[in-house]
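Peer 1: Before I ask anything, here is the structure I am working with.
Each reported figure results from applying straightforward, stated rules to the coordinates on display, with no laboratory input. Keep in mind it's a predicted model, so treat the numbers as computed, not measured. So basically every Cβ, Gly included, is an ideal-geometry build from the backbone, and we count neighbours across all protein chains shown.
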Amino acid sequence: MAIFTIIAFYNEGNQYLLKMVLAKVHILPTNKTPEFHLNPEGIITVKGRGMAGNSSEVPEQMMNWIDEYLRHPAEITFVTIEFEYLNSFSTGILVSILKKFLINSFARCVR
């Protein structure tokens, strides 16, 4: 799964330029992990079951995507979280994700 989409275009000086754009990501749920919809336009949805038992079950791509998104976030970000079950390990992952957003929004306010 790619985190970026590469867009190629020519500018006014006929120079060939490449632009990397954060891609929309959809990670399907499993019996133990939730579904993720990650949209660079500021819409993030996590829903399903959070019963992961170790870090290998946590989608690393999702964490990488969030890190890249927070470098240049949308003006407003909507995060929707819907869990039918959440164990302590998954709660820790969720808290670390929410902390990333919180730290980023404080950093933006201070600038």
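Peer 1: Report the local net charge at HIS37: Lys and Arg +1, Asp and Glu -1, summed over other residues whose C-beta lies under 13 Å from its C-beta.
Peer 2: Details: positive: LYS24, LYS47; negative: GLU35, GLU41, GLU82.
Every neighbour counted, the sum reads -1.
Peer 1: Please say if the stretch 23-110 is rounded, prolate or oblate, where rounded means a/c under 1.5 for a ≥ b ≥ c the square roots of the C-alpha gyration tensor eigenvalues, and otherwise the choice is prolate for a/b larger than b/c and oblate otherwise?
Peer 2: On the way: a/c = 1.99, a/b = 1.60, b/c = 1.24.
Prolate is the answer for the stretch 23-110, as a/c is 1.5 or above and a/b outweighs b/c.
Peer 1: Would you grab the residues whose amide H sits under 5 Å from the one on LEU86? Only those 5+ places off in sequence or on another chain, please, with H modelled 1.01 Å from N.
Peer 2: Counting only residues 5 or more places away or on other chains, the set is GLY50.
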